[in-house]
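Chemist: Handing you this structure, nothing more for now.
Readers should treat all values here as calculations from the given coordinates under stated rules, not as data from a laboratory. Keep in mind the model is a prediction, meaning the values are calculated, not measured. Note that each Cβ is placed from the backbone with ideal geometry, even for glycine, and that neighbours are counted across all protein chains shown.
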Amino acid sequence: MNVEFYQSLIERIKNWNRNRPAWIMWAIVASLLLIYYLLVVMPLDNAVSDLQSQIKENEEQIIWIKKMTPQILRLRQTAPRHEKVISGSLFSLINQSVNNEGWASLVSDAHQVDDNNVEISFNSINYNDLMKWLQSLYDQYGIYVAEANLQKGEPGMVQATLTLQRHVERKSISRGTKKSL
């Protein structure tokens, strides 16, 4: 903005004081301050408060995670090892298992994502049967659900898209020890 604008504004204020009572000027200033507080200060204060509470929650979660780490490591060490070795691809094992259950007609899509992941979709399947099947895959072969999308259908039935993953042991290059993925 140019200098002329500011000079004219100052002249108006001087003329205002001569022509109108001072309380009107103070009311305008107070109104402007109130608007500034409501539109700028208050939203910023709320945002800062929200961020501070999020930080506190995150700190509490970090403390909890640190507290639980020994238990998680202990559970990993005592978890059952799956002795059955999967011969062939994960996809062929999943496909064979689906066929053994008699569910071939329920599968709308199945494909191997990579060496250790298979995605399978069921049109409509009994939820309890699906859970039993997944538990048996885990118990027998160490195959677990990496990702699941379930949509409720008729009572007791679901549409499911699952990404099943094989438990893989790998050797650490630096130490030569086995690590679980």
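Chemist: Rounded, prolate or oblate: which one fits segment 35-124, using the alpha carbon gyration tensor with axes a ≥ b ≥ c (rounded when a/c is under 1.5, else prolate when a/b beats b/c, else oblate)?
Modeler: It comes out oblate by the Cα gyration axes.
Chemist: Does segment 107-147 come out rounded, prolate or oblate by the C-alpha gyration tensor, with a ≥ b ≥ c the root eigenvalues, rounded set by a/c under 1.5 and, if not, prolate when a/b is larger than b/c and oblate if not? The partial results should precede the final answer.
Modeler: On the way: a/c = 2.62, a/b = 1.07, b/c = 2.45.
Judged from the Cα gyration tensor, segment 107-147 comes out oblate (a/c at least 1.5, b/c at or above a/b).
Chemist: For segment 38-45, just list the computed ³J(HN,Hα) in residue order, Karplus coefficients 6.51, -1.76 and 1.60, θ = phi - 60°, integers in Hz, with x standing in for Gly and Pro.
Modeler: So the J values, rounded to whole Hz, are 5, 8, 10, 5, 4, x, 5, 5.
Chemist: Taking 0.36 nm per residue of separation and subtracting the Cα-Cα distance, what length does fully extending Leu39 through Tyr144 add?
Modeler: Values: separation 105, 0.36 × 105 = 37.80 nm, distance 5.17 nm.
Result: 32.6 nm gained on full extension.
Chemist: Here is a follow-up. In a shell of Cβ-Cβ distance under 13 Å around Gln112, excluding Gln112 itself, what net charge do Lys and Arg (+1) and Asp and Glu (-1) give?
Modeler: Local net charge: -3.
Chemist: While we're here: Name the residues whose placed amide hydrogens come within less than 5 Å of the amide hydrogen of Ala146, ignoring near sequence neighbours (fewer than 5 apart) on the same chain.
Modeler: Amide H neighbours of Ala146, under 5 Å, 5+ apart: Thr163, Leu164, Gln165.
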